[in-house]
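The values are calculated or read from the model by the stated rules, or taken from the named source; none is laboratory data. Note that this is a predicted model, so its numbers are computed, not measured. Backbone-built Cβ (ideal geometry, glycine too); neighbour counts: all protein chains shown.
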Amino acid sequence: MENETSLKKSFSAWKRWGLGLDLVVRTAVVLAVVVMVNYLGARWSHRFFLNAAARYELSPRTAGLLKSITNEVQVIVYYDQENPVFPAISTLLREYRNANSHIHLTTVDYIRDMGEATKLKENDKYKPYLTGATNKNLVLFECAGTVIPVNGQAIGRYRYEEIPNPNPDQGKYHKHLLFYGENLFTAALFAAINPKPMKACYLIGHGEPRLDDAGEAGYQTFLSVLQQFHIEVQPLSLLGTNAVPADCNLLVIAGPSTPLLESERERADDYLRQGGRLLALFNPGSLGRLTGLESILAGWGVGVTNAAIAEPKLTSGKLDLIVMSFNDLHPVVNPLIGSGLHLILPRPVGRLEVGKVPADAPQVEVLAQTSPAATLDRGSRRGPGRFPLAVAVEKRNAPGVITERGATRIIVVGDSLFLCKQMIESAGNKDFLGYAVNWLLERTELMQGLGPRPVTEYRLAMTISQQHSAQWLMLAAIPGAVLAFGGVVWLRRRK
């Protein structure tokens, strides 16, 4: 009896009321948290995107650039957050910010946050890029007043692959989203912290591909790649009294089909002897005749054979050649190992065979070569054997000698068609162009490779009625069940 009396006294009405109040408060807190979380989810998004990789690993190229930045950089993501590519953009730019505390990230959803969007449009720095109905889905990089925009349409592109045996309800093509964000963002970041662009002079007047030609044989995409690397390109004629401009950082001679005059050759060679940089390409249309470019290159230790190469196995047709053998010690082609170049009727370009080489002679390195099964002149002259297809030349200054532009650098490839619009996206052609121009310009922080990354996306899509049902389930049914369960427990404990 004493035990029963003691138990009753210890579990008094006041004690029971306190326990009940505690249960009600705890239940209310849990209910409030559940309601808030589900309200935010219902308010801001009806679609859920789950990235296959929780963390985006930055390339060595981007990591090296970020490590070198000491200026404050503001990155503004002016984007519709329900756009399929937005999660990848957000994840990637957070990695940029985490890698360098000088990177500051701001996200503005111009559809759901009109106030912030309007405020941003009124800012004089960003106003020129955000006015107009079509100026949407942009990423802006700003440093010390220099603003570099990246258009959202270029960040994510769809690739369609034909399905070999499609089901009746499946469709004929499978759609992949390719993410070009890191390539574009790193280039824009570089341009923002280096507001003065490099200048490339593109030689014209000898049948070279036109930079404004968007056709399959044109060089419009070639131009866009150089612009992407913050290189300003201007046409150049060396006729008359014209010389290579003093502010020319890179001379491009891309596939002349008619000969350069002696005066033009002399001016190009003078530029190189002052520490100039040259990207030289040979047009298959000039096979069988000299263009004058051969004599310029001979003075720098490069030999060019005026005949086409064929490979019986590494080809998809009669005129093309797929290159798989690269110099793994050279930074221009080392990233291409495991990939390839896709050339059209290339000619051999290699080290000029001479007698004793002077100590101060230019250093010529073969970048790419054929397999041992290749033949020269479509199989009728020499072969089978290996033939060099591209070389890199470097001549450093003698001790105590300072040239206007620094050390001379040259890259020569025995084909020019591999960089036309029809071919530049094939194999590693486009990547090679980026590596080549950045090596020529000694921009080592941009030398690592970047290609498009596939985005693996899992999407939960619901109809409007399903969304409403889910909202009621999250906002009422689940919290109500939690409350009811708490009430039952409270009643049982009260008894």
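For segment 199-221, filtered to residues that are crowded, with 22+ Cβ neighbours inside 10 Å and within 23 Å of the chain's Cα centre (by Cα), the residue that is farthest from Leu239 (Cα to Cα) is Tyr219. Of the residues making up segment 137-152, those that are among the polar types (S, T, N, Q) and either closer than 16 Å to Val85 by Cα or within 15 Å of the chain's Cα centre (by Cα) (or both) are Asn137, Asn151. Considering segment 298-393, the qualifying strands (runs of 3 or more DSSP E), each wholly inside and each with 2 or more residues that are closer than 24 Å to Leu419 by Cβ, run over 302-304, 320-323, 341-344, 349-351, 363-369, 374-376. What tally of residues in segment 225-242 results from selecting those that are assigned to a loop (DSSP other than H, G, I, E, B), surrounded by fewer than 19 Cβ atoms within 10 Å (Cβ to Cβ) and at pLDDT 95 or above? Total meeting the criteria: 1. Scan segment 261-288 for residues that are over 15 Å from Gly414 (Cβ atoms) and either assigned to a loop (DSSP other than H, G, I, E, B) or among the hydroxyl-bearing types (Ser, Thr, Tyr) (or both) and the total you get is 6. Quick check on Gly400: is it modelled with pLDDT under 95, in a loop (DSSP other than H, G, I, E, B), assigned by TED's automatic domain parsing to the domain that holds Asp270 and under 23 Å from Thr305 (Cβ atoms)? Criteria not met by Gly400. Would you confirm whether any residue within segment 318-330 is buried (at least 20 other Cβ atoms within 10 Å of the Cβ) and free of Cβ contacts under 8 Å to residues at least 40 places away in the same chain? For segment 318-330, residues buried (at least 20 other Cβ atoms within 10 Å of the Cβ) and free of Cβ contacts under 8 Å to residues at least 40 places away in the same chain: present. Any residue that is farther than 22 Å from Trp300 by Cα, of a type in the set (A, V, I, L, M, F, W, C) and out of contact with any Lys or Arg (no Cβ under 8 Å at 6 or more places or on another chain) - is there at least one of those in segment 252-268? Scanning segment 252-268 turns up no residue that is farther than 22 Å from Trp300 by Cα, of a type in the set (A, V, I, L, M, F, W, C) and out of contact with any Lys or Arg (no Cβ under 8 Å at 6 or more places or on another chain).
Taken over segment 67-85, residues that are touching a residue at least 40 places away in the same chain (Cβ under 8 Å) and either within 15 Å of the chain's Cα centre (by Cα) or within 16 Å of Val139 (Cβ to Cβ) (or both) amount to 11. Among the residues making up segment 142-165, none is touching a Pro at 6+ places or on another chain (Cβ under 9 Å), among the hydroxyl-bearing types (Ser, Thr, Tyr) and at pLDDT below 65. Among (1) at pLDDT 95 or above; (2) out of contact with any Ser or Thr (no Cβ under 7 Å at 6 or more places or on another chain); (3) not charged (D, E, K, R), which single condition is Thr305 missing? Of (1) at pLDDT 95 or above; (2) out of contact with any Ser or Thr (no Cβ under 7 Å at 6 or more places or on another chain); (3) not charged (D, E, K, R), only one is false for Thr305: (1).
For segment 287-300, the count of residues that are at positive phi and assigned by TED's automatic domain parsing to the domain that holds Phe387 is at least one.
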